[in-house]
Amino acid sequence: SKVALEAAGVDMAPLYRNLHVHRSLDAIEDLRAHIRDSRRAQAAIDLAAPKDVTVGHDNISGQLRQFLARNLGFMVLEDTIRACSQGLIPRSQTDAEWGLHAVQVSDTIAKYSNLATTSPPLVQLRSLVSLFCAALETRGFNARQVRDALEGSRGRYLDILEQEGRQEAAAAVRNDDLRPHVLRTPEEIRRLKANFPGLERHVFQSTNQNKSNTVSDDESSSPTPVLTAPATMAFSKSVVRLLQISKDFAFDYANFVGPSAPEATGDVTFALDNFLRNVVAEELM
């Protein structure tokens, strides 16, 4: 609306004057070509991709944020000019302009994802690009090409996540003294039950462990000891750590894929199975 444009500091009066003059001169096609060519010339300067593409250890470069912000602002203004042009600029022309920019945006996203060596920058990249695409789509632009470029980073993220998980698993096994894990407080017992239900069955000795002090869901299931601190478990501390690493891996990858994605459950299950086989199992051998 006119009020919204004025509040944003956008003055459309020159456009309306030009529309009136060129219609009076029967030169509306000249004005359309002039607007198209001048906006493309401006885009070539303002929307140039970052020359020095860099990715930090924990975050993506501010250059990418600025690049996406400039592209988004340019296209929002492009769409606003179209809406206010009284039919001078068709939707097809605006969509064609976005198609030219979408190629460069997609290539830049692919470059950033390929340079990442840790998982945090890729998580930030996904969040940033998802917001960028959602904002474009609210203006009616098709962001599928950009979203496809973002999906191309999934394999890269999975590889990095496995590498990070392998390092953590190796450290957990290396630092394990191989003694039975002891839960010394009721809080430690509560956390174990909450985080890994059923693991409390594997108890070696508890201060209050006896045959009568057990619970069972049904007659066929094995009784579960009622643990009382301190409780000595039938596994070392690295088992808990490895389970937590695997849980974190599945959670992080599921968030990256997106729980609403049609393939999310199968993709995450397959990735977790490979992680358990190729990372956790190898470290335990």
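The values are calculated or read from the model by the stated rules, or taken from the named source; none is laboratory data. Just so it is clear, the structure is predicted and the values come from calculations on it, not from any experiment. Cβ coordinates were reconstructed from backbone atoms using ideal geometry, including for glycine residues, and neighbour counts include every protein chain displayed. We work out accessible area using only protein heavy atoms, side chains counted, and drop any ligands, DNA or RNA first. Shrake-Rupley method; radii C 1.70, N 1.55, O 1.52, S 1.80 Å.
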Carbon plus sulfur, as percent of the 1.4 Å-probe accessible area of segment 108-214, comes to 50
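How high is the FRET efficiency from residue 145 to residue 185, r the C-beta distance, R0 41 Å, rounded to 0.05?
The value I calculate is 0.15.
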Reachable aspartates and glutamates from residue 193, criterion Cα separation under 20 angstrom, eight or more residues apart if same chain: 217, 218, 248
Residue separation between residue 251 and residue 48 times 0.36 nm, minus their alpha-carbon distance, gives in nm 69.4 nm
Could you list which residues have their amide H under 5 Å from that of residue 234, counting only those 5 or more apart in sequence or on another chain, with H placed in the peptide plane? 203, 204
Simple spin-label model, 7 Å along Cα-to-Cβ: residue 107 to residue 193 in nm? 6.0
Neighbour net charge for residue 169 - beta-carbon separation under 9 angstrom, K R +1, D E -1: -1
Nearest-20 debye value, segment 61-157 charge dipole, Cβ charges on Lys, Arg, Asp, Glu: 260
Sorting check: for 75-86, 17-28, which peptide has the highest mean count of neighbouring beta carbons within 10 Å, and how do the rest follow? 75-86, 17-28
